[in-house]
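K.L.:
The structure that follows is given in the form of structure tokens.
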Amino acid sequence: MMAKMSREQLDRGVICSSAGNHAQGVALAAQKLGCDAVIVMPVTTPEIKWRSVERLGATVVLKGDSYDEAQSCAKQRCELEGRTFIPPFDHPDVITGQGTVGMEIIRQLKGPLHAIFVPVGGGGLIAGIAAYVKRVRPEIKVIGVEPSDANAMALSLYHGQRVMLEHVGGFADGVAVKVVGEETFRLCRELVDGVVLVSRDAICASIKDMFEEKRSILEPAGALSLAGAEAYCKYYGLKGETVVAITSGANMNFDRLRLVTELADVGRKREAVLATILPEECGSFKKFAQLVGPMNITEFKYRYDSRKEAALVLYSVGVYTDSELRSMVERMKSSQLQTFNLTNDDLAKDHLRYFMGGRSNVPDELLYRFIFPERPGALMKFLDAFSPRWNISLFHYRAQGETGANVLVGIQVPKEEMDEFKNQAENLGYEYTSEMNNEAYRLLMQ
Ligand SMILES: Cc1ncc(COP(=O)(O)O)c(C=O)c1O
């Protein structure tokens, strides 16, 4: 798009809003074309991202808590200053530019190719690649990959029209988009062979695979296609075929590696997270250890609970085969030790595992996950909204280098005050979801 701009337009400069690759793409193009670029990014953008943009010579403006706020600021400045707005995905020239990735793949290709897996945010990259590849090599499948909690394209294709997501998972922040583009959707509907959805754990497992194979670190959105390719090949039992996965980014915040390493083995099904109820009596721990048997315990948490006759242990075990795990759970069951598999419960993995020993019966407790903007004052604003009106009975937050902080909050609100509470929560403006029905919460915390 920028290569087509006149010298006069270039001299007036460009502006864009983005928290992903687009910011760096525009900054690099501006540097090459000798034009001034302003990139507006949300204040929550990880430092590694805005520093890379600055290094390319663009002026970074941090504005707004979300992408939408950054975008409206960029559009305002574009009108005031006469700059050209460069949209992140929904423009034919931007899509064409992204299509050059497809051209490079086809040019470098030796022999047949089964499929190309492409990460999908607003759909620019996949639309461009599909437009090129389907024209020159229509037999090659073009398959999109989205995080299962940021699945705007998959849902839109399913419903035959663009769907706006209410909540978007921020883990793969490069592709965290609420609604796909109009033009990108039109092209994807016509050209794309399907979309694979992958979990956060599977993305982490792919980041680990890439590190082990190549000593390279991918950011979550960058590892998305690898996770999708793997899930697809496994599902269809594909062997001896060539597939390409586009690993699109490496802006990995160092802090986030902590979460990635914690989840990678779960994602590869090499670790399982379990809870077992043990009678609070001498010898039961030993019996439990015998039943775990040869399996390697990688995490173990237990705290005496004076209110209960039964104790709960939360633990993780290394897993080599599914049958090994199944037989262990069977051994527990046949010894009357009730065991729960929490491996797929994000709430347990993100928050509850850190609370072990804190089970209590709190009257009127509500449990919510809030997404706090990652900036000073966010906690105070939250507390101002609810305290001292209601008692906060639980609070857990651990920085994971995400754009928005994922905070678990317990709060005591009597039924008759629910409407007032909901009003306050809406006015606060932080995204939030109820976790009242989470099974692990009942098991571990109540
Ligand atoms: C790391 C990364 N991967 C993939 C994409 C592709 O996104 P889109 O579908 O919006 O073209 C982006 C967009 O910024 C990105 O930052």
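The values are calculated or read from the model by the stated rules, or taken from the named source; none is laboratory data. Since the structure is predicted, the reported quantities are computational estimates derived from the model, not experimental observations. Neighbour counts are summed over all protein chains in view; Cβ atoms, including those assigned to glycine, are modelled from backbone coordinates with ideal geometry. Quick note on the areas: whole protein, heavy atoms, side chains included, nothing else; ligands and nucleic acids left out. Shrake-Rupley method; radii C 1.70, N 1.55, O 1.52, S 1.80 Å.
K.L.:
Among the DSSP beta bridges whose two residues both lie in the chain, what percent are antiparallel, rounded to the nearest 5? Intermediate values should be presented prior to the final figure.
P.N.:
On the way: 35 of 58 bridges.
Within the chain, antiparallel bridges account for around 60 percent of the total.
K.L.:
Tell me what the chain gives for mean residue ellipticity at 222 nm when only DSSP H runs of n ≥ 4 count, each as -39,500 (n - 2.57), the sum divided by the residue total, rounded to 500 deg cm²/dmol. Provide the component values of the computation, followed by the final result.
P.N.:
Details: 17 runs with 189 residues, N = 446.
Mean residue ellipticity at 222 nm (helix-derived): -13000 deg cm²/dmol.
K.L.:
Follow-up. Please list, by residue number, every one of the trypsin sites (Lys or Arg not before Pro) in the stretch 148-243 that is coil in DSSP and has at most 14 other beta-carbon atoms within 10 Å.
P.N.:
Numbers: sites: R162, K178, R186, R189, R200, K208, K214, R215, K234, K239; in loops: R162, K178, R215, K239.
Of the trypsin sites (Lys or Arg not before Pro), the ones in loops of the stretch 148-243 whose Cβ has at most 14 other Cβ atoms within 10 Å are R215, K239.
K.L.:
Give me the percent of the accessible area of the stretch 1-156 that comes from carbon and sulfur atoms, probe 1.4 Å, all protein chains in place.
P.N.:
Working: 3560 of 6860 Å².
For the stretch 1-156, the apolar C and S fraction of the accessible surface comes to 52 percent.
K.L.:
May I pose another question? For the stretch 268-361, state which GluC sites (Glu not before Pro) are in a DSSP loop and have at most 14 other beta carbons lying within 10 Å of their beta carbon. Display every interim value, and only then the final one.
P.N.:
Details: sites: E271, E280, E281, E299, E309, E324, E330; in loops: E280, E281, E309.
Listed in order of number, the matching sites are E280, E281, E309.
K.L.:
Let me check against my output: what whole-number percent is the relative contact order of the stretch 188-269, with C-alpha pairs under 8 Å and at least 6 apart? Intermediate values should be presented prior to the final figure.
P.N.:
On the way: 95 pairs, mean separation 35.9, N = 82.
This gives 44 percent for the stretch 188-269.
K.L.:
Quick query: amide H of V61 versus all other amide H atoms, modeled in the peptide plane; which residues come in under 5 Å with a sequence gap of 5 or more or a different chain?
P.N.:
The answer is I39, V40, M41.
K.L.:
If amide hydrogens are placed 1.01 Å from N in the peptide plane, which non-local residues have theirs closer than 5 Å to the one on K141?
P.N.:
Distant-sequence amide H within range of K141: A115, I116.
K.L.:
If you take the alpha carbon radius of gyration of the stretch 355-445 and divide it by 2.2 N^0.38 Å, what ratio comes out, to two decimals?
P.N.:
On the way: Rg = 13.1 Å, N = 91, 2.2 N^0.38 = 12.2 Å.
Against the empirical 2.2 N^0.38 Å value, I get 1.07 for the stretch 355-445.
K.L.:
Here's another thing I want to ask about it. To two decimal places, what compactness ratio does the stretch 176-299 give when its Cα radius of gyration is scaled by 2.2 N^0.38 Å?
P.N.:
Rounded to two decimals, the normalised Rg is 1.44.
K.L.:
On to the next question. For the chain, what is the relative contact order in percent, using Cα pairs closer than 8 Å and at least 6 residues apart in sequence? Working shown, then result.
P.N.:
Values: 848 pairs, mean separation 50.2, N = 446.
Relative CO of the chain lands at 11 percent.
K.L.:
Averaged per residue, what accessible area in Å² does the stretch 92-266 show with a 1.4 Å probe, protein chains only? It would help to have the intermediate numbers written out before the result.
P.N.:
On the way: 8020 Å² over 175 residues.
Value for the stretch 92-266: 46 Å² per residue.
K.L.:
Using θ = phi - 60° and the Karplus curve 6.51 cos²θ - 1.76 cosθ + 1.60, what whole-Hz ³J(HN,Hα) does each residue of the stretch 217-229 get, with Gly and Pro shown as x?
P.N.:
Karplus-based 3J(HN,Hα) across the stretch 217-229 equals 10, 9, 7, x, 5, x, 9, 4, 5, 5, 5, x, 4 Hz.
K.L.:
Report Rg/Rh for the stretch 195-255, rounded to two decimals, where Rg is the Cα radius of gyration and Rh the Kirkwood radius. Working shown, then result.
P.N.:
Numbers: Rg = 11.5 Å, Rh = 11.9 Å.
Rounded to two decimals, Rg/Rh equals 0.97.
K.L.:
Based on the Kirkwood radius over alpha-carbon pairs, what is the Stokes-Einstein translational diffusion coefficient of the stretch 1-44 at 10 °C with 1.306 mPa s viscosity, in µm²/s?
P.N.:
On the way: Rh = 10.7 Å.
Translational D for this selection: 149 µm²/s.
K.L.:
What are the residues whose amide H is under 5 Å from the amide H of A245, where those residues sit 5 or more places off or on another chain and H is modelled from the backbone?
P.N.:
F117
K.L.:
Averaging sequence separations of C-alpha pairs under 8 Å and six or more residues apart, then dividing by the length of the stretch 288-446, give the relative contact order as a whole percent.
P.N.:
25
K.L.:
Further question on the same structure: Pull up the cross-link candidates among the lysines for K63, meaning alpha carbon to alpha carbon under 21 Å and not fewer than 8 places away within one chain.
P.N.:
In chain and number order, the partners are K49, K75, K178, K381.
K.L.:
Ratio of Rg to Rh for the chain, alpha carbon only, Kirkwood?
P.N.:
So for the chain, dividing Rg by the Kirkwood Rh gives 1.02.
K.L.:
Enter the per residue convex hull volume of the stretch 269-344, computed from alpha-carbon coordinates, in Å³ rounded to the nearest integer.
P.N.:
It is 81 Å³ per residue.
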